[in-house]
Every structure is written in structure tokens, then in C-alpha cells.
Amino acid sequence: MALTLLRQLALATTLLTTAVIADVREYNFTVGWVDRNPDGFHERRVMGINGQWPIPTIFATVGDQVVVNLKNELGDRPCSLHFHGLYMNGTTHMDGVAQSTQCPIPANSSFTYSFNVTQPGTYWYHSHVDGQYPDGLRGPLIVHDPENPYADQYDEELVVTLSDWYHDEMPGLISSFLSVTNPTGAEPVPDSALMNDTQNLKIPVQPNKTYFIRVVNMAAFAAQYFWIEDHSFRIIELDGIYHKPTEASMIYVTAAQRYGILLTTKNDTDKNFPIVGSMDQDLFDAVPDGLNPNVTSYLMYNSAAPFPNATILEDAFEPLDDATLEPTDELALYEDPAISYTIDVKMDNLGDGANYAFFNDVTFVRPKVPTLYTVLTSGDLATDATIYGVNTHPLVLSHNQVVEIVLNNHDPGKHPFHLHGHAFQVLTRGDDDSGDWDVEAFRNGSVKYPTTPMRRDTLLVRPNGHFVIRFRSDNPGVWLFHCHIEWHVDSGLILTFIEAPLQLQQQLGGENGIPEDHFDACRAQDMPFQGNAAGNTVDLLDTTGFNVSPALLPDGFTPRGIVALTFSIVAGLLGVGVIVWYGLGEISTIEQQKEQQKINTFAKETGVVEVTGVDAAPAGHAVAGREKDVGYTAANEVK
Ligand SMILES: *[C@@H]1O[C@H](CO)[C@@H](O)[C@H](O)[C@H]1NC(C)=O
Ligand SMILES: *[C@@H]1O[C@H](CO)[C@@H](O)[C@H](O)[C@H]1NC(C)=O
Ligand SMILES: *[C@@H]1O[C@H](CO)[C@@H](O)[C@H](O)[C@H]1NC(C)=O
Ligand SMILES: *[C@@H]1O[C@H](CO)[C@@H](O)[C@H](O)[C@H]1NC(C)=O
Ligand SMILES: *[C@@H]1O[C@H](CO)[C@@H](O)[C@H](O)[C@H]1NC(C)=O
Ligand SMILES: *[C@@H]1O[C@H](CO)[C@@H](O)[C@H](O)[C@H]1NC(C)=O
Ligand SMILES: *[C@@H]1O[C@H](CO)[C@@H](O)[C@H](O)[C@H]1NC(C)=O
Ligand SMILES: *[C@@H]1O[C@H](CO)[C@@H](O)[C@H](O)[C@H]1NC(C)=O
Ligand SMILES: *[C@@H]1O[C@H](CO)[C@@H](O)[C@H](O)[C@H]1NC(C)=O
Ligand SMILES: *[C@@H]1O[C@H](CO)[C@@H](O)[C@H](O)[C@H]1NC(C)=O
Ligand SMILES: [Cu+2]
């Protein structure tokens with residue numbers, strides 16, 4: 001009671017000074033396993049909170065302080081929570097990224113997240129440890145806005161989540177994905193699509209009303225096309241940023257994106273209408289027989305009326321292009337950047353035979369010391385990227401500068417890129433990855449960047465395409481930039497911005513900086529939390545002990561060779577003397593024979609198998625490879 005009074009007093013004071021009513025939103029979350037069967041086909045354990053799954057939505061109002069007291073009762077593994085899209089201004093240590101901004105929270109321990117919310121909009125929260133959120137630890141986070149410019153345009157608010165769903169648990173899926181037996185890097189394909197963590201959900205609506213629907217895609221992998229039959233809507237929010245209302249009848253929501261839409265219902269109540277989510281199957285290297293990529297819910301006008309099956313659309317996926325939207329605040333294009341990074345995305349194999357993802361030839365490997373703790377214990381050396389380790393891909397930013405990223409995607413897949421700690425302006429996005437696509441056009445002024453570019457925190461790059469984005473380094477912190485496809489997080493498509501490290505030391509160094517439970521988490525797991533990326537505290541420039549990625553492949557190896565090697569290994573494991581070669585045809589040229597010799601030598605040296613011979617087999621067996629990628633037909637299916 002006394003506390004409440006005090007708080008009300010404090011609030012009254014705040015009210016007088018800033019006219020904002022701040023509140024403390026406290027959540028006590030015990031994370032543990034519960035059994036669920038969300039698609040009706042397979043029961044499995046999922047990560048719940050307080051025995052609930054779907055896990056609770058976090059609600060707050062702009063200006064509030066959110067406090068999450070977390071207890072990890074998973075028993076056998078760590079966890080963490082990242083609050084996706086929140087700037088965490090002044091609290092980068094609450095960003096929840098294991099080995100970047102904290103040590104993972106070990107089993108049987110507690111940890112408190114506490115931060116102020118300064119932005120309105122639709123967000124979500126999820127684990128950021130070991131690729132584990134697809135096992136269930138993800139839910140919406142909604143920040144209400146007392147000054148919502150569209151408040152007078154709707155009657156009610158709804159949250160609709162989208163997700164893909166796997167019947168198997170992530171640790172097993174990750175180890176088979178990131179393995180020599182999957183040299184093409186084919187990502188596990190989801191078993192189902194979900195809406196609100198179920199299917200056939202009936203959402204009751206009133207006629208002649210306008211609903212603000214917050215659509216959140218919490219998927220591991222799949223983007224979804226989303227539409228409501230016989231209804232169009234107006235988009236007013238992208239990833240928490242208001243945009244000028246734009247009419248659309250279909251949106252494409254990548255993993256981690258959010259759309260706020262205004263939907264006006266019909267005047268009559270004689271029918272119910274399917275709300276459809278359809279996973280983008282272009283993302284899948286091989287579509288398993290019988291996969292239903294679709295999930296249907298209903299706008300329920302009338303519980304007594306029928307609930308019709310969704311109409312099948314043939315080749316009519318024409319979602320709105322989000323890059324064409326204009327932010328409501330008309331924030332002008334940032335000035336020419338102080339620094340512009342050109343980032344090339346590719347996928348390739350390393351010496352362990354697995355397929356990794358690279359930004360400029362670097363694949364991410366987490367450091368021994370969380371990068372933030374290296375910043376805080378390195379003094380003036382904090383601006384020297386060396387101390388963070390090559391494989392965290394550190395990019396050190398000065399304070400308050402315009403930063404540009406020019407990203408060229410040399411992969412035939414689509415990727416949703418996310419930046420922590422910021423929303424960014426989207427200057428252009430195109431279908432060319434050559435690196436000199438439109439430089440000339442921008443230089444000679446025949447193509448201009450928009451004057452008030454669209455802003456969001458997660459952006460799709462198209463296959464072999466590019467984009468250019470800008471942000472201002474006005475938020476000291478350690479912020480990841482990464483693909484939000486969880487498989488690509490696991491295969492290393494991450495880099496680390498170390499933004500204004502000296503200002504960060506002033507904010508978070510010393511007594512009132514990092515709370516003790518953060519260090520307790522490290523201590524409980526014998527993880528170092530001082531010094532450079534390897535925990536060297538005497539000479540921070542000493543790179544001994546840094547975590548690094550597997551070595552490069554021996555010279556001359558090609559993906560084709562990897563497939564061959566894989567077959568050798570698999571054959572060896574199965575004790576098969578003769579390797580059966582699917583889909584590759586005969587080895588005929590001298591180059592191919594030489595390559596085969598290298599494979600044999602490598603296989604023998606690594607002791608994986610006695611290679612005895614290669615038979616040609618009929619082509620056209622199950623094709624599961626990423627053929628567009630490497631120009632061959634691979635069968636990575638061995639019975
Ligand atoms: C959270 O737990 C603490 C300690 O048990 C308790 O005092 C507090 O009221 C709880 N808060 C909520 C919102 O349940
Ligand atoms: C956590 O506690 C449970 C139950 O007491 C125990 O079975 C488990 O081994 C503990 N886990 C760790 C990592 O200490
Ligand atoms: C959060 O807000 C409270 C008051 O509302 C303020 O005292 C505190 O300094 C803020 N914290 C940060 C990290 O900005
Ligand atoms: C859908 O899920 C969200 C988030 O869990 C929840 O807030 C909302 O009430 C659900 N909607 C319906 C109609 O069940
Ligand atoms: C729809 O609602 C508006 C007010 O919001 C009202 O003026 C109008 O009569 C309603 N129409 C029907 C058909 O109910
Ligand atoms: C519902 O009726 C109102 C007039 O009462 C009209 O302005 C509105 O366009 C109608 N809505 C729809 C979806 O037909
Ligand atoms: C709706 O779909 C279900 C399952 O796909 C099917 O069994 C049923 O016949 C369909 N109903 C209609 C009216 O087409
Ligand atoms: C899923 O929905 C899309 C769009 O209507 C359709 O093209 C596709 O055939 C559907 N797939 C299945 C298995 O129903
Ligand atoms: C500017 O460069 C583009 C791309 O090379 C070219 O297509 C265009 O014709 C040029 N325009 C002018 C005015 O030179
Ligand atoms: C962080 O806070 C500073 C100081 O109030 C402000 O200038 C800056 O714009 C904020 N950055 C973000 C990303 O909110
Ligand atoms: Cu990706």
C-alpha cells in the first residue's frame with residue numbers, strides 16, 4: 001500500500017512535469033515445459049511460462065517501466081528473453097542476447113529484466129539463446145500509445161500471431177541442419193502453419209466496426225502471405241512505426257515482422273470469412289509431400305453461420321510492397337552517411353563439411369565473454385575491433401553518426417534482416433546483387449532516394465537482390481544485425497555493432513551499471529565476464545583462445561565434392577562398402593577424377609570412411625538440394 005502511494009506520488013510528479021503517466025508493469029515468469037498439440041497432428045513439449053502456452057502477451061504503455069522477473073525451470077538448459085524492436089536506450093544489457101549482452105540464464109536460476117519503454121507499437125519477445133525460441137518461448141509485446149494519431153479511427157484492438165511450427169525440438173533439428181550430412185544447407189521445413197498458436201480460430205467481430213489488428217509473425221523460418229477473404233484493410237504500422245494509411249488486400253509478413261492494419265467490418269452478419277496465412281514455399285528447398293502450408297482462422301460475424309473453407313488462390317500472391325509506405329512523422333532521409341558498409345551475403349561450406357552463412361566471408365561464432373562485458377572492461381581499447389574477435393564480426397561505430405548498410409545478397413534465398421536497438425530507413429531495394437546495380441543511377445541523379453523513407457526494424461532482401469538502409473548511431477550499445485531466419489542465426493548470418501563504446505562505458509560502467517544477477521549467471525556457468533573475447537585481461541590485444549569458425553575447406557573442394565564426401569561418410573557410418581551416387585552422374589572429366597582423389601584423401605585422413613568405389617546411379621532420385629545455389633542436383637537423402 002505504502003509503495004503504491006509513493007508510486008502514485010511519483011506519478012503525480014511525473015504527470016506535472018511531463019504529462020505522461022508512467023507505470024511499472026511487473027511480470028513474474030517461470031519458464032518451463034508444458035505439453036501441447038497446436039496443429040492437432042502431434043503432441044510435444046513446448047517452452048511455456050507459468051504453465052501457460054501460448055505464453056502471455058506483455059502489455060505496456062509508452063513511458064512505462066517493464067520488469068520481468070524470470071525463473072528458469074527448464075531443468076536442463078539456459079534461456080534468455082529479447083524484446084524484439086525495443087530500442088533499449090540506456091539498457092543494452094537488457095537486450096537479452098546470450099554472449100552479446102549477457103550470459104545465458106542457467107537452469108534453476110533467476111534473472112530480472114528491467115527497462116523503460118519509449119516507443120508505441122507492436123513488438124514481440126523471444127529467447128535469444130541457442131536458436132531455441134521456435135520451441136515455444138516467443139509471444140507478443142504490445143505498447144499502447146496515449147497519443148496514437150489513428151486512435152479515433154478504430155473501435156477495438158486485436159492481436160493475431162502467425163508462426164510456423166515444427167514437430168521436432170530445435171536442438172536435434174539444428175544439429176542435423178548444421179552437419180556434413182546436409183552440405184547444401186537445406187533448412188528443416190516446418191510441419192504446419194499456425195495462427196494464434198492454433199488453427200481454425202474463430203475471432204468474434206461486430207458489424208460496422210473498425211478493428212486495429214496487430215499481426216506479428218513469430219516464426220522460426222517461414223514468411224506468410226496474409227489476407228482476409230472479401231475484405232481489404234489499411235496498413236498504419238510497420239514494426240512499431242506509424243505509416244500513412246495505405247490500402248491493401250494482402251501483406252507478406254516475414255519472420256519477426258509486424259503489421260498494424262485497420263479493418264472495417266461489413267454491415268451484415270450473414271457470413272463468416274476466412275483469415276488466411278500461407279507460408280511462402282519459395283523458402284523451402286524441398287516441399288515435403290502432404291505439407292499444408294496454410295492456416296485458416298475466421299472473422300466470425302455470426303456463430304450460427306457456416307465457416308467455409310478458404311478459397312484456393314492460384315498464382316495470385318500480390319502483397320503490398322512495404323518499401324512504398326511513408327512514415328506518418330515524415331522523418332526526412334538522413335544525411336549522407338559518415339560510414340557506409342557494403343555487406344555481401346553468401347552461403348558456403350567449411351572444413352567440417354557443414355554449410356555456413358557469411359557476411360563478407362565471416363561467419364559468426366559467439367565469443368567466450370559477452371561482447372558488452374568486453375566493452376565495459378577494456379577502457380580506451382573498446383574502440384579497437386580486435387578485442388571482440390573476428391568471428392563476432394565487430395563493427396565499431398562512433399556516436400551520433402549516420403550509418404549506411406548496403407547489403408548484396410548473393411544467395412538465391414530470401415532473408416529478413418533485423419537490426420537490434422534501432423529502426424532504420426529503407427532507401428532502396430532491388431533485384432540485383434552485382435554490387436554496382438544502380439550506383440550510377442543514384443550518382444547521376446536519375447534515381448533518387450525517397451525524401452521520407454519507410455522505416456522498420458526487419459526488412460526482406462529478395463533472392464540475389466540488395467537493399468540500402470540507414471540509421472543514426474544515437475543509442476550506445478551492443479546491437480546485433482542478423483537474418484531472422486533462426487536456421488541462419490545458427491549458421492552464422494550475424495554481425496555485431498559496437499555502438500559508441502566509450503559513451504556506453506559512461507552509461508553502464510561502475511556501481512549503478514550492470515546488476516549483479518547478470519554476473520551471477522556467468523559465474524554459475526564458469527563463463528568469464530571481463531577482458532577480450534577470450535577473457536584475456538592482461539593484454540586485450542592477445543587473441544589467444546578466441547572462438548573461431550571451422551577452417552576453410554581444403555583447396556579445390558566444391559559443393560559437389562562435399563556431397564560426395566557426405567555420401568562417403570554416410571556410407572561409412574552405415575557400413576556400406578560401395579557408395580551409391582544419386583543424381584550426380586558419372587565422374588568423367590579429369591578435373592572430376594582429381595576432385596574425387598582429393599575427397600578420398602580427405603576422407604581417409606579424417607578417418608571417417610574407407611572409400612572403396614563410386615557407382616553411377618540413375619539421376620532424378622529425391623531432390624532435396626539447393627540446386628539454384630550450386631548448380632547441381634543433390635540427393636541428400638540416404639536410406
Ligand atoms: C511477483 O513476485 C513478487 C515476489 O513473490 C511479488 O511480490 C509480486 O507481487 C509479484 N508480482 C506480480 C505482478 O505477480
Ligand atoms: C535443476 O533442478 C532440477 C530439479 O531440482 C534438477 O533435476 C536439475 O538437474 C537441475 N539442473 C541444473 C542444471 O542444475
Ligand atoms: C526509466 O525511467 C525512470 C523514471 O520513469 C527513470 O528514473 C530511469 O532513469 C529510467 N531509466 C533509464 C535507463 O532510462
Ligand atoms: C490471439 O492471441 C493473442 C496473443 O496471445 C491474444 O492476445 C488474443 O486474444 C488472441 N485472439 C483470440 C481471438 O483468441
Ligand atoms: C454504421 O455505423 C455508423 C456509425 O459508426 C452509423 O452511422 C451507421 O448507421 C451504421 N450503419 C449500419 C448499417 O449499421
Ligand atoms: C456500412 O454502412 C455505412 C452506412 O450506414 C456505409 O457508409 C458503409 O460503407 C457500409 N460498410 C460497408 C463495408 O459496406
Ligand atoms: C473443406 O476442407 C475439408 C478438409 O480439407 C474437406 O474435408 C471438406 O470437404 C471441405 N469442405 C468443403 C465444403 O469443400
Ligand atoms: C494453400 O493456399 C494457397 C493459396 O490459396 C493455395 O494456392 C495452395 O494450393 C494451398 N495449399 C494447400 C495444400 O491447400
Ligand atoms: C544514369 O545512370 C543510369 C544507370 O547507369 C542510366 O540508366 C541513366 O540513363 C543515366 N542517366 C543519365 C541522365 O545520365
Ligand atoms: C536514445 O536517447 C538519446 C538521449 O535521450 C536520444 O537522443 C536518442 O535519439 C535515443 N535513441 C533511440 C534509438 O531511441
Ligand atoms: Cu536468412
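The values are calculated or read from the model by the stated rules, or taken from the named source; none is laboratory data. None of these values were measured; they are calculated from a predicted model. FYI the Cβ positions are ideal-geometry reconstructions off the backbone, even for glycines, and counts take in every protein chain you see. Areas reflect the complete protein model, heavy atoms only, side chains present, ligands, DNA and RNA absent. Shrake-Rupley method; radii C 1.70, N 1.55, O 1.52, S 1.80 Å.
Values computed for the structure shown
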item: For K244, residues with placed amide H under 5 Å, excluding near neighbours; result: E326, T328
item: Of K209/K271; K71/K368; K244/K414; K244/K271; K346/K368, pairs whose Cα-Cα distance is over 19 Å; result: K71/K368; K244/K414; K244/K271; K346/K368
item: Cα Rg, Dmax, the stretch 168-270, angstrom units; result: 17.8, 58
item: Accessible surface of Y150 - all protein chains present, 1.4 Å probe, nearest 10 Å²; result: 20
item: Förster radius 22 Å - calculated FRET efficiency between L552 and S434 (Cβ-Cβ, nearest 0.05); result: 0.35
item: Over the stretch 339-524: Rg over Rh, Cα atoms, Kirkwood Rh; result: 1.00
item: Accessible surface, the stretch 32-76, averaged per residue in Å² (probe 1.4 Å); result: 41
item: Alpha-carbon Rg with Dmax, taken over the stretch 5-324, Å; result: 20.5, 64
item: With every protein chain in place, the stretch 339-524: carbon and sulfur % of accessible area (1.4 Å); result: 47
item: At q = 0.12, 0.19 Å⁻¹, base-10 log of I(q)/I(0) for the stretch 415-505 (Debye sum, equal scatterers on each alpha carbon); result: -0.45, -0.99
item: Solvent-accessible heavy-atom area per residue, rounded to whole Å², over the stretch 339-524 at 1.4 Å; result: 32
item: Cα→Cβ-extended label distance, 7 Å offset, between T112 and V447, nm; result: 5.2
item: Apportionment of accessible area to carbon and sulfur, the stretch 5-324, percent (1.4 Å); result: 49
item: GluC sites (Glu not before Pro) within the stretch 227-321: DSSP coil, no more than 12 neighbouring Cβ in 10 Å; result: E314
item: Rounded D (µm²/s) - the stretch 242-341, Kirkwood Rh over Cα pairs, Stokes-Einstein at 25 °C, 0.890 mPa s; result: 141
